[in-house]
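> Structure provided below as structure tokens; questions to follow.
The values are calculated or read from the model by the stated rules, or taken from the named source; none is laboratory data. Quantities reported herein were computed from a predicted structural model and do not represent experimental measurements. Methodologically, a virtual Cβ is constructed for each residue, glycine included, from the backbone with ideal geometry; neighbour enumeration extends over all protein chains shown. What goes into the accessible areas is simple: the full protein's heavy atoms, side chains included, and nothing from ligands, DNA or RNA. Shrake-Rupley method; radii C 1.70, N 1.55, O 1.52, S 1.80 Å.
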Amino acid sequence: MAGQDTTDTALRGFALGVLHYPDVQKAAQRQLDSVCGARPPTFEDRENLPYILALAKESIRWKPGVPMGVMHTASEEFEHRGYVIPEGTTFIDNIWFVRIGRDISVYHNPGAFDPTRFLDASGKLSSENTRSDLLGFGRGRRACPGREFALNTLFIGIATMLWAFRFQWPVDENGDYVVCGVNEIEDHVHVATPRPFGVALEPRHQHLREQLLESMNESAARLYLIA
Ligand code: HEM
């Protein structure tokens, strides 16, 4: 349950991001085309697709599914930077806020959807599991235990969707784009998620249906072998 709304939010954040930032979509597709060509991506491509991994991380930073974290309680009194924190104090981890997920000393132009903030000058992932990478998963001993699973899900989902389709805004009967704003967020109690919006998906490859079905069957067969 903890992984459903949160992963869904990250995927919505990804779709919203690439629709608002077409250059990000193009850069990702350039890397996918050079690594995978005409076949769908697999987990074996992970090392060679740093831009996609960065896109997954940026989707979680840009639209954190749990923007106020999960509340924690001090189990005993302690001192932090001169403040005495009494036992029983409730902590709210304001992941979204300026000093954390939008801290300009860590993230250049924090409002922009920009996966390159997680890449070095040569295009490789600049850091693994640092403060700036995994903030959206909380911190400390109760940080999200599903984070690696979630990043893997996002990696293969984003890679496959961008390999398969060009994302565009849908058009209405007057020919106008039907756009969802970057701050149109729905409140799902603990989880805040971009509201539902339409996406027009244009196939990027021939025989796409057959290729995707084949790759799904291969994955299912591999899972069966592991089980
Ligand atoms: C993008 C996807 C996800 C995000 C953004 C996310 C975020 C979070 C956050 C912020 C917390 C609270 C951490 C804290 O207390 O400081 C949390 C806890 C938790 N998450 Fe995730 N999560 C995601 C996916 C998943 C998945 C896929 C699973 C399971 C397979 C999972 C299982 C859990 C569980 C069990 C907890 C409670 C841990 C505890 O209190 O000890 N999450 N998650």
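> Any idea what angle helix 50-62 forms with the longest principal axis of the chain, computed on alpha-carbon atoms, 0 to 90 degrees, nearest 10?
Result, in degrees: 50.
> Tally Lys/Arg at +1 and Asp/Glu at -1 over every other residue whose Cβ is under 10 Å from the Cβ of Arg204; what's the total?
Numbers: positive: Arg166; negative: Asp33, Glu202.
Spelling it out: positives minus negatives among the neighbours equals -1.
> What does the C-alpha gyration tensor say about the overall shape of the chain? Classify as rounded when a/c is under 1.5, otherwise prolate if a/b is larger than b/c, or oblate.
Taking the square roots of the gyration eigenvalues as a ≥ b ≥ c, the chain is prolate.
> To continue, here is another question. Could you sort the peptides 60-69, 184-193 by per-residue average Cβ neighbour count (10 Å cutoff), highest mean leading?
Ranking, from highest mean packing down: 60-69, 184-193.
> Same structure again: Provide the net charge surrounding His72, with neighbours chosen by a C-beta distance below 12 Å and charges set as Lys +1, Arg +1, Asp -1, Glu -1.
With Lys, Arg at +1 and Asp, Glu at -1, the neighbours total +2.
> Round to the nearest 10 and give me the degree value, 0 to 90, for the angle of helix 147-164's Cα axis relative to the longest principal axis of the chain.
With both axes taken from Cα atoms, the answer is about 30 degrees.
> Using the beta-carbon distance between Asn94 and Asp120 and R0 = 35 Å, what value does 1/(1 + (r/R0)^6) give for FRET efficiency, to the nearest 0.05?
Values: r = 29 Å, r/R0 = 0.82.
About 0.75, to the nearest 0.05.
> Hey, another quick one. Of the heavy-atom accessible surface of the stretch 1-143 (probe 1.4 angstrom), what whole percent is carbon and sulfur? Walk me through the intermediate numbers first.
Details: 4320 of 8010 Å².
Of the solvent-accessible surface of the stretch 1-143, carbon and sulfur hold 54 percent.
> Looking at the chain as a GNM with Cα springs under 10 Å, which of Asp114, Asp23, Asp172 has the largest mean-square fluctuation?
Asp172
> Any idea of the accessible area per residue across the chain, 1.4 Å probe, to the nearest Å²?
Averaged over the residues of the chain, the accessible area is 60 Å².
> A follow-up question, please. As a test of the formula, what do you get for the chain when each DSSP H run with n ≥ 4 contributes -39,500 (n - 2.57) and the sum is divided by the residue count, at 222 nm and rounded to the nearest 500 deg cm²/dmol? Intermediate values should be presented prior to the final figure.
Details: 6 runs with 86 residues, N = 227.
Result for the chain: -12500 deg cm²/dmol, rounded to the nearest 500.
> Here's a follow-up. Helix 208-226 versus the longest principal axis of the chain: what is the Cα-based angle in degrees, 0 to 90, to the nearest 10?
Tilt relative to the chain: about 50 degrees.
> Quick one: length gained pulling Asn152 to Arg39 fully straight, 0.36 nm per residue minus the C-alpha distance?
Full extension of this stretch gives 38.8 nm more.
> A further question follows. Just how much of Val106 is accessible, in Å², when a 1.4 Å probe is used and the result is rounded to the nearest 10?
Accessible area, nearest 10 Å²: 60 Å².
> Check which residues have an amide H placed less than 5 Å from Phe165's amide H, if you skip close sequence neighbours.
Arg204
> Next question, about the same structure. Using the per-residue mean of other Cβ atoms lying within 10 Å as a proxy for protection, in what order, highest first, do the peptides 29-40, 158-169, 71-82 fall? Let's see the in-between values first.
Working: 29-40: 15.5, 158-169: 20.4, 71-82: 9.5.
Highest-to-lowest ranking by the protection proxy: 158-169, 29-40, 71-82.
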